[in-house]
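For reference, the structure is listed below as structure tokens.
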Amino acid sequence: MKAFYHPNQALHDPQQFMRLGVLAAPTDLPERTTRLLDALARHDITPEAPEGDGRAAAARVHPEHYLAFLETAYRRWRELPGAGPEVLPNVSPYWNGAPDRDARPPCPSPLVVAQACWYLGDGAVPIGPNTHVSAFRSAASAEAAAAYVAQTGGAAYALCRPSGHHCRTDRATGFCYVNNAAVAVSRLRERFGRVATLDVDAHHGDGTQEIFYRRNDVTTVSVHVDPAAYYPYFIGYAQERGHGAGEGSNLNLPVPPGSGDAEFLAATERGLAEIAASGAEALVLSLGYDAHKDDPLGALKVTTEAFREIGAMVRRAGLPTVIVQEGGYAIDAIGGCLDAFLDGFEGVA
């Protein structure tokens, strides 16, 4: 298995996030990368560092005005009298969620306070001094993995941190600042006529869905906790099937809170069947571990062994595959989850 990761992805070190009305201790800790790197080492996999700083990779999906905000927000924020230690929004502009619109225009105000509220969708995306560095490097890892798969027709793993699947075209949310899966899809589309995404993070891949919702060359499938009871709440329902040319190209497979291996794996199998029927020539797997029963933000009872079966399912799909790391915050469990997935993907009993 080829893998890609840059050490600067660990520089992002959030100090807080808003949870239930309280500024809570962060869960997206840099140590997550250490545990996942340890798992790769147990499989004799040494990640390669992607070339470049990743900004051009991020620009495959995100507009310039949004990327410029990520780069400059922390410096401008710290120049404000009485500003907190990280950039966080305190209001959110009204947006009707029109599915026929790819992205909003730039923020009409030049002030960083206004732009924070425009470009940051919730209290889970604090921006510190190195956030943009890590986010862009994460995108670079995803692009490098996709380039390898496009060249070889094989498989590659991108250890992406920060995660990406909640990031919309021009808005960070849910610990995600650049949509790494979408970056990988963009690169694969240069080689393959139709690409699919399968998201098995416990949270719906709302950013990925929005980015491709109007397209008929990308099939998007997400297995996740029912959003009526779980973040992101407002998107991820079964009736959301795409818009315009993309009608029928999006499939959401929500499972009830408290579901275990049987329900989660059945939904994953159904998603892969949909992908096969779509005629996809390559796959991007958004692999999160927050479905695990021990996850501090979780709502499911999925065991480590389920990830072995997910790996085997993806292997049996037989597609050129980019595996993009998403969430998973049970520090003592995520390494084992990656171990199990790799065993299944590699056909290890």
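The values are calculated or read from the model by the stated rules, or taken from the named source; none is laboratory data. This structure is a prediction, so every number in the text was calculated from the model and none was measured. In this analysis, Cβ positions are derived from the backbone assuming ideal geometry, glycine residues included, and neighbour counts consider all displayed protein chains.
Does segment 284-294 contain any residue that is buried (at least 22 other Cβ atoms within 10 Å of the Cβ) and modelled with pLDDT under 95? If you could, list the steps in order and put the result at the bottom.
We begin by selecting, within segment 284-294, every residue buried (at least 22 other Cβ atoms within 10 Å of the Cβ); these are 284-292.
When the remaining residues are screened for being modelled with pLDDT under 95, the result is none.
No, because not a single residue in segment 284-294 is buried (at least 22 other Cβ atoms within 10 Å of the Cβ) and modelled with pLDDT under 95.
Using beta carbons and a limit of 6 Å, which pairs, at least six apart or on different chains, have the first residue in segment 166-191 and at pLDDT 95 or above and the second one of a type in the set (Gly, Ala, Ser) and part of a strand (DSSP E or B)?
ALA181/SER286; LEU188/ALA282
Looking for whichever is in contact with a Gly (Cβ under 8 Å, 6 or more places away or on another chain), surrounded by 14 or more Cβ atoms within 10 Å (Cβ to Cβ) and at negative phi here; the options are PRO14, PRO26. Which one fits? Show your work before the answer.
Details: PRO26 fails: in contact with a Gly (Cβ under 8 Å, 6 or more places away or on another chain).
Residue meeting the stated conditions: PRO14.
Confirm whether GLY128 is under 18 Å from PRO63 (Cα atoms), surrounded by fewer than 24 Cβ atoms within 10 Å (Cβ to Cβ), of a type outside the set (Ser, Thr, Tyr) and touching a residue at least 40 places away in the same chain (Cβ under 8 Å).
Numbers: under 18 Å from PRO63 (Cα atoms): no; surrounded by fewer than 24 Cβ atoms within 10 Å (Cβ to Cβ): yes; of a type outside the set (Ser, Thr, Tyr): yes; touching a residue at least 40 places away in the same chain (Cβ under 8 Å): yes.
Judged against the criteria, GLY128 is not a match.
Go through (1) assigned to a loop (DSSP other than H, G, I, E, B); (2) touching a Cys at 6+ places or on another chain (Cβ under 9 Å); (3) modelled with pLDDT of 95 or more one by one and return the number of the condition ASN90 breaks.
Every listed condition holds for ASN90 apart from (3).
Among the residues of segment 146-183, write down those that are buried (at least 24 other Cβ atoms within 10 Å of the Cβ), of a type in the set (Val, Ile, Thr) and in a loop (DSSP other than H, G, I, E, B).
Of everything in segment 146-183, just one residue is buried (at least 24 other Cβ atoms within 10 Å of the Cβ), of a type in the set (Val, Ile, Thr) and in a loop (DSSP other than H, G, I, E, B), namely VAL178.
Out of everything in segment 184-204 that is in contact with a strand residue (DSSP E or B) (Cβ under 9 Å, 6 or more places away or on another chain) and of a type in the set (D, E, K, R), what residue ends up being surrounded by the most Cβ atoms within 10 Å (Cβ to Cβ)?
ASP199
May I ask you to list pairs of residues, at least six apart or on different chains, whose Cβ atoms are under 7 Å apart, with the first in segment 50-74 being outside any loop (DSSP other than H, G, I, E, B) and the second being of a type in the set (Asp, Glu)?
Listed by first residue and then by second, the contacts come to ALA57/GLU143; TYR66/ASP170.
One line per residue, one yes/no per condition, for (1) closer than 17 Å to ASP206 by Cβ; (2) under 20 Å from the mean Cα position of the chain (by Cα):
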{"residue": "ALA245", "(1), (2)": "no, no"}
{"residue": "GLY248", "(1), (2)": "no, no"}
{"residue": "VAL255", "(1), (2)": "yes, yes"}
{"residue": "ALA262", "(1), (2)": "no, no"}
{"residue": "THR268", "(1), (2)": "no, yes"}
{"residue": "GLU274", "(1), (2)": "no, no"}
{"residue": "SER278", "(1), (2)": "no, no"}
{"residue": "LEU283", "(1), (2)": "no, yes"}
